[in-house]
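Following: one structure in structure tokens, then a few remarks.
No value in this document is a laboratory result; all are computed from the given coordinates. Small disclaimer: the values here were computed from a predicted structure and weren't measured. For neighbour counting, all protein chains shown are included, and Cβ atoms are generated from backbone atoms with ideal geometry for every residue, glycine included.
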Amino acid sequence: MSHEGLEFLQRRTVRVLTAGQVLSGFGLGSTLSIGALLAEHISGTAAWSGAAATFSTLGAAAWAIPLSRIAYSLGRRKALATGAAFAISGAGLVILAAATMQLWILLVALFLLGAGSATGLQARFAATDLPSSRPKGRDLSTVVWATTFGAVIGPNLFGPGEILGNALGLPEMTGPFLITIAAQTAATLTFWFGLRPDPLLVAMQADPEAVKQAGKRSFGAAIKTLRAHPRAAYSVLAISLSHMVMVSVMSMTPVHMKDHGATLVLVGFTISLHIAGMYAFSPIFGWLSDRIGKLPTILLGQAILVIALLVSGFGSEDQTLISIGLFLIGLGWSAATVSGSAMLAETVPLDQKTNVQGVSDMMMMLAGAFGGAVAGNILALVKFVGLNLASLVPVVIVVLATAVISSRASKRV
């Protein structure tokens with residue numbers, strides 16, 4: 001394919017991925033919060049409410065590698081469509097779980113819905129497949145930015161979804177999952193018909209020697225590749241630990257605010273601000289990663305996280321400061337995730353790209369699951385200020401790793 005053809009295909013690929021992300025976001029925007037309510041309703045105890053986020057996160061981690069292998073073998077088009085299709089089946093099982101009052105069906109459904117999150121994560125990498133002259137950070141961040149629409153608007157569709165569900169005689173709280181099914185179906189069709197020709201397959205055709213020399217695609221092979229490419233390993237570390245910080249504080253903020261008298265409206269507004277920080281400003285960080293470099297942008301993200309944790313922690317008795325802190329945590333996460341993902345995309349060989357990307361997404365989700373799991377205990381032991389200060393530890397690790405990588409780079413020069 002000619003240079004002009006590659007440039008045109010790259011622009012179209014980014015547009016298709018952006019549209020698919022918008023639709024996917026609408027479908028998944030409210031599923032976790034409603035899933036938590038359904039888990040409590042079906043089990044009869046609040047102890048199971050946290051299982052919604054746990055099983056969905058574990059699902060995203062578990063589906064990351066299989067979907068990456070589908071991408072390498074069959075292309076991004078089929079991988080992304082497959083992930084969205086699994087999310088559709090998960091939404092359908094949620095309705096079945098509520099109808100039969102079976103908790104195990106709900107947990108399986110949430111695990112399948114995790115494939116939707118894994119699809120969203122893979123979509124950002126799909127924006128960097130083609131050997132185009134367009135800045136990778138900008139295109140990747142555009143796809144991440146598209147998530148803003150669904151993530152912010154999706155939760156507000158709970159009411160219309162319930163009205164639709166009641167009109168159709170569906171079990172309580174399952175109406176919004178009809179919107180999930182419709183949105184994920186639209187996303188599946190967008191990926192299936194829009195990603196033609198497939199960007200990853202075109203990239204492989206452009207570099208047949210790399211494909212011919214391809215090794216095994218396994219977890220072990222990915223780790224071997226990361227060892228051989230320290231900057232790629234560093235990017236996985238930065239993405240995973242930044243995600244851990246974000247999930248740890250974000251997951252406990254509603255609990256802390258509610259215990260200190262905040263209304264649900266204020267809690268919801270704070271979470272919306274946080275989500276806006278995560279996604280709405282990603283194009284700025286994509287531009288910065290292309291302009292000043294990936295390492296400086298990741299370091300900027302860590303600096304924002306430090307400020308955020310100090311504001312949120314020492315302002316733990318002030319609802320306004322908590323809201324500002326959580327917004328800044330979203331910004332820091334965005335800077336680290338966008339620039340780290342762009343660095344990973346440009347430092348891994350083509351024959352191992354999807355394999356390592358899958359492992360990166362898995363590590364990111366597992367780090368978030370671990371952070372969310374231990375955050376409750378930390379909150380109980382040292383309160384909200386202690387949780388924020390403890391969350392500085394992963395940030396310090398990333399900063400130290402940045403210093404090591406920068407030192408190695410300067411020595412090579």
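Results, tabulated for the structure shown:
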| quantity | calculated |
| --- | --- |
| Charge dipole (debye, nearest 20) of the stretch 1-206; +1 at Cβ of Lys and Arg, -1 at Cβ of Asp and Glu | 680 |
| The stretch 1-206, relative contact order in percent, only Cα pairs under 8 angstrom and at least six apart counted | 37 |
| Exposure proxy ranking, count of Cβ atoms within 10 Å, fewest first, for 3, 229 | 3, 229 |
| Cα-Cα pairs of the chain separated by more than 26 Å (percent) | 52 |
| Cα-centred dipole magnitude for the chain, charges only on beta-carbon of K, R (+1) and D, E (-1), debye, nearest 20 | 1340 |
| Residue (of 66, 315, 271) at the positive-pole extreme of the chain, dipole from beta-carbon charges | 66 |
| Förster radius 25 Å - calculated FRET efficiency between residue 383 and residue 269 (Cβ-Cβ, nearest 0.05) | 0.65 |
| Chain lengthening between residue 104 and residue 134 when straightened (0.36 nm per residue, less Cα-Cα) | 6.1 nm |
| Residues 125, 281, 8 arranged by fewest to most Cβ contacts within 10 Å | 8, 281, 125 |
| Residue 223 paired with residue 182, simple spin-label distance in nm, labels 7 Å along Cα-to-beta-carbon | 4.6 |
| Added length on full extension, which subtracts the Cα-Cα distance from 0.36 nm per residue, residue 408 to residue 37 | 128.6 nm |
| At 1.306 mPa s and 10 °C, Stokes diffusion of the stretch 1-206 via Kirkwood alpha-carbon radius, µm² per second | 92 |
| Potential extension, residue 310-residue 292 segment - 0.36 nm per residue separation minus Cα distance | 3.9 nm |
| Residue order, fewest to most beta carbons within 10 Å, for 134, 196 | 196, 134 |
| Spin-label pair residue 320/residue 96, simplified geometry with 7 Å Cα→Cβ offset, distance in nm | 5.1 |
| Table column - 3J(HN,Hα) (Hz), the stretch 399-407, Karplus curve with 6.51, -1.76, 1.60, x for Gly and Pro | 4, 5, 5, 4, 5, 5, 5, 5, 5 |
